[in-house]
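Structure record follows, encoded as structure tokens.
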Amino acid sequence: MPLTVVLAVGLDSSLLASQSPVWQSAGYFVTSAGSIRDAIVHFRHGDFDLVLLGDSIPAVSRERLTFLIRASGSRVLVVRITDSCSDCDSFADATIRSESVNLTRSVGELMAKRANMPAPSRALPGNAT
């Protein structure tokens, strides 16, 4: 099983600290960012497969960070982790409830789906292949 590198972004450092061992035991290498500024720095210097956005981040900050990730050209999976079953971010690739017993399994399923999707065409318009 290949190693999945995760950027976990949340403003609650104690929650990040308590969740990191769970993710690591499930086969994920987790880098925690306790602020949006830290998340941007880590993202620019890392090669992440997944970005987890916690509830403690204000919606406008989650959207701004996701926009910056997409503007960089990255297709990294951005997942919102939330306590509410009805609170979704339209800009995130997926939303998963944080209280789910199978949180790591749900993320793993999302990663598997992403891996099985065809890569976007790299052919430029007007160029014959």
Original post:
Regarding Val9, is this residue under 14 Å from Leu65 (Cβ atoms) and without any contact (Cβ under 8 Å) to a residue 60 or more places away in the chain?
Top reply: yes
Original post:
Any residue at all in region 23-31 that is farther than 23 Å from Leu3 by Cα and either modelled with pLDDT under 80 or assigned to a helix (DSSP H, G or I) (or both)?
Top reply: no
Original post:
What pairs come up if the first residue lies in region 69-90 and is farther than 24 Å from His42 by Cα, the second is modelled with pLDDT under 75 and surrounded by 13 or more Cβ atoms within 10 Å (Cβ to Cβ), and their beta carbons are under 9 Å apart, counting only those six or more places apart or on different chains?
Top reply: Asp83/Ser98
**OP:** State whether the residues of region 25-38 include one that is surrounded by 15 or more Cβ atoms within 10 Å (Cβ to Cβ), farther than 26 Å from Ser90 by Cβ and out of contact with any helix residue (DSSP H, G or I) (no Cβ under 6 Å at 6 or more places or on another chain).
**Re:** no
Original post:
Do we find that Val41 is at pLDDT 85 or above and either surrounded by 15 or more Cβ atoms within 10 Å (Cβ to Cβ) or of a type in the set (Lys, Arg) (or both) in this structure?
Top reply: no
Original post:
Out of all the residues in region 60-72, is one or more modelled with pLDDT under 75 and surrounded by fewer than 17 Cβ atoms within 10 Å (Cβ to Cβ)?
Top reply: no
Subject >> All positions within region 73-91 that are surrounded by 12 or more Cβ atoms within 10 Å (Cβ to Cβ) and modelled with pLDDT of 85 or more >> reply: Ser74, Arg75, Val76, Leu77, Val78, Val79, Arg80
Original post:
What number goes with the only condition from (1) part of a helix (DSSP H, G or I); (2) more than 23 Å from Lys113 (Cα to Cα); (3) within 12 Å of the chain's Cα centre (by Cα) that Ile69 does not pass?
Top reply: (2)
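The values are calculated or read from the model by the stated rules, or taken from the named source; none is laboratory data. Being a predicted model, the structure only gives us computed values, none of them experimental. When we count neighbours, we look across all protein chains shown, and the Cβ atoms used for this are built from the backbone with ideal geometry, even at glycine.
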